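To keep things clear, I will list the structure first and then write my remarks on it.
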Amino acid sequence: MCCAKVAFAQEPPITYEKDIRPLLQDECIKCHNTNISKGGINIDNYKEQARVIQRGSFWLEVLGVIKDRSMPPKTEKPLSPEVYHKLVTGIDAILQASLEKETPGKVVIRRLSHAEYQYTIYDLLGVDFDARSYFPSDGSGGGGFDNQGRALFFTPLKLERYYDAGSQIVDEALADNEKWDQIVPFAFKAGGWQGLKNWVKTLFSDKYDYLNNSDLAAEKVIDQVASRAYRRFLKAEEKTKLLELFQSVYDEKAEIKNPLRFDESIAQVLKAVLVSPNFLYKVEEEPQKEGAYPLSDFEVASRLSYFFWCSTPDQELFDLAYAGKLHDSTTLATQVKRMLADPKSKRFAKDFTVQWLGITKLVDSEPMVDAEMFPGFDMEIRKDLYEEASSYFHHVLTESKNMMDLVNSDYSMLNTSLANYYGIEGVESDDFMKVQFADNRRGGVLGMAGVLATTSISTRTSPVLRGKWVMEQILGISPPPPPPEVSELTEDKGIHEALGLRKILERHRADPECQSCHEKMDPLGLGLENYDPIGKWRESYGKVDIDASGVTAEGEKFNGPEELKKILLTEEKKIARNFSKRILSYAIGRTILFTDETALVKLENTLIENNFNPEPFLIELVNSYPFLKKQSDFEKKSI
């Protein structure tokens, strides 16, 4: 949904109190008030225009269901053409007027997510540290991603774990000569032949003085590593403290010969860097300014690198930030292309995709299905399914360059094990590769067993869960929560075998309280019934043949997943809006706000106008005001 510009020539401006509220009172509030809030919606609370604007995202949804005539429901009298026109144009005009000034929103200080921590450590020190297993788990924020600032809490237990992790990581790097040589690329006061070569170098050039001067040598290392860790140049007082720590440790280790004495002293400094708030948090300066202002170039570099690589900026981004070029649109476009072409973009593909699809539990240790009923669904297959999704998204991002392939295609990314699982012959590779399908049973995320298993329960499929998943993750539509008194579906095995899920759901849907939501969700889920609880193809459920036919809420008929996906492909606007909201939320690390609407409309249109090519879309995103600007959050921080 978006706000279209509306002109009211020679007419007084529309106001909510005078023009809209009376119509809502007559048509809507009788079912959506404090005492009766059908679908959990209460619009009686909105008596002033200022409050409508404050909750603009909610009112965009209200506008949407009025515009597509899903409200009032079919059981109620429809709106007259005059009332329909006044509500749609009036609400639209009020919301549009409130968006004339670009407001980028506030981004709270954010701790590195577990994935960001792991990749940053690897790029800084060369150590592959399993942060997800080591640290207590994080939740996801309002956008559904674990990089959202308000979900990344710090507890005493986590702080203790970060201290322990820092020590383990640096000790591992110090013990590995190859890794340590990348951190300290010289041997300080080396003995033997290397020491002689260093001495000769210092005779002919003072630029090699650091080889025999501990202060200069420490400064050289600390400048390089700590600047990358903090994602900006060190401040004078920060450098002084780190050098003082080095000197203190260096003095204490006088009995140890160099270069080991020097290396162990540097290691202690690195441990301090890894527990600094400047490393653990993505800190953006907050000057005492009112309104929106541009991020610094180093902050833009950090946003770019953590968006596309889940890690600290590389040297090229640092150089561009130092040159002040990261607000230039041409430079940003070049960087987007470069960063997508880099293998590190696979990190973005994995981190975003598994959270968007909701399949992270594939790699958790807890069982997902009844092991006796589905013995082949072991951890190895679950890991392959996890990898299939992220490899597929990366292929779409960098090779096919058509994001509608996420909805439907004739291929996936498989290895031999997963191809055998799907019953596909001729794939001989341990690595994931593009495999064309001979039929239309698979293709797109709806045909991935990882998604299908995640949206099932342990013993059977769940058309309700699957239908809800399609609405939310593909179309971006959130159905209201079920009423508190709603009854659960029977799990009686005999009834399931005799009737099948379709008949059981039809009985459940007969309840008027359940009908309005289930008539939208259930057909979408039933269209996927050919896939069993672990995503394998089937033709029957118990004694009942699978009937995967249905009719969408808009009245379109289909039979089976292939026809269902073709119908979904026609929902370009909803899919473009959903992708735009989710990827923007991931990129800026916060929930999408109503004030982002102008940027969202541009992103949505960019996708549609470019045939869902992700490259121009991502270039538009990194040039958008929510990405390049911010507002100060003056709440007092404790880090």
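Just one of (1) open to solvent by less than 40 Å² (accessible area, probe 1.4 Å); (2) modelled with pLDDT of 95 or more; (3) more than 17 Å from the chain's Cα centre (by Cα) trips up D633, so point out which.
(2)
Would you please name the residue that is farthest from N530 (Cα to Cα), looking only at residues in region 434-464 that are surrounded by fewer than 16 Cβ atoms within 10 Å (Cβ to Cβ) and at pLDDT 95 or above?
Going through the qualifying residues, I end up with K434.
Return a yes/no flag: does region 140-152 have any residue that is without any contact (Cβ under 8 Å) to a residue 12 or more places away in the chain and open to solvent by 40 Å² or more (accessible area, probe 1.4 Å).
no
One residue is enough: does region 50-66 have a residue meeting the conditions part of a loop (DSSP other than H, G, I, E, B), at pLDDT below 85, in contact with a Ser or Thr (Cβ under 9 Å, 6 or more places away or on another chain) and open to solvent by less than 50 Å² (accessible area, probe 1.4 Å)?
no
Output the residues belonging to region 119-133 that are open to solvent by less than 40 Å² (accessible area, probe 1.4 Å) and either charged (D, E, K, R) or assigned to a helix (DSSP H, G or I) (or both).
Passing the criteria: T120, I121, D123, L124, L125, A131.
Please enumerate the residues belonging to region 546-560 that are more than 32 Å from the chain's Cα centre (by Cα) and surrounded by 14 or more Cβ atoms within 10 Å (Cβ to Cβ).
I546, D547, S549
Exactly one of these conditions fails for F374: (1) touching an Asp or Glu at 6+ places or on another chain (Cβ under 6 Å); (2) surrounded by 14 or more Cβ atoms within 10 Å (Cβ to Cβ). Give me its number.
Unmet condition: (1).
For region 408-421, name all the residues that are open to solvent by 30 Å² or more (accessible area, probe 1.4 Å) and touching a strand residue (DSSP E or B) at 6+ places or on another chain (Cβ under 8 Å).
D410, the sole residue that qualifies.
How many residues, within region 561-577, are under 16 Å from E620 (Cα atoms) and open to solvent by less than 10 Å² (accessible area, probe 1.4 Å)?
1
When both residues are 6+ apart or on different chains and their Cβ atoms are under 9 Å apart, which pairs have a first residue that lies in region 33-49 and is closer than 17 Å to S70 by Cβ, and a second that is of a type in the set (G, A, S) and buried (at least 16 other Cβ atoms within 10 Å of the Cβ)?
Qualifying pairs under 9 Å: K38/S516; G39/S516.
I want to confirm something. Restricting to region 367-393 and keeping residues that are in a helix (DSSP H, G or I) and acidic (D, E), which single residue is farthest from K344 (Cα to Cα)?
E380
Which condition number does K543 fail, the rest of (1) in the same structural domain as H394 (by the TED database); (2) at pLDDT 95 or above; (3) open to solvent by 50 Å² or more (accessible area, probe 1.4 Å) being met?
Failed condition: (2).
The values are calculated or read from the model by the stated rules, or taken from the named source; none is laboratory data. In this text the structure is predicted, and so the values were computed from the model without any measurement. So basically every Cβ, Gly included, is an ideal-geometry build from the backbone, and we count neighbours across all protein chains shown. Areas reflect the complete protein model, heavy atoms only, side chains present, ligands, DNA and RNA absent. Shrake-Rupley method; radii C 1.70, N 1.55, O 1.52, S 1.80 Å.
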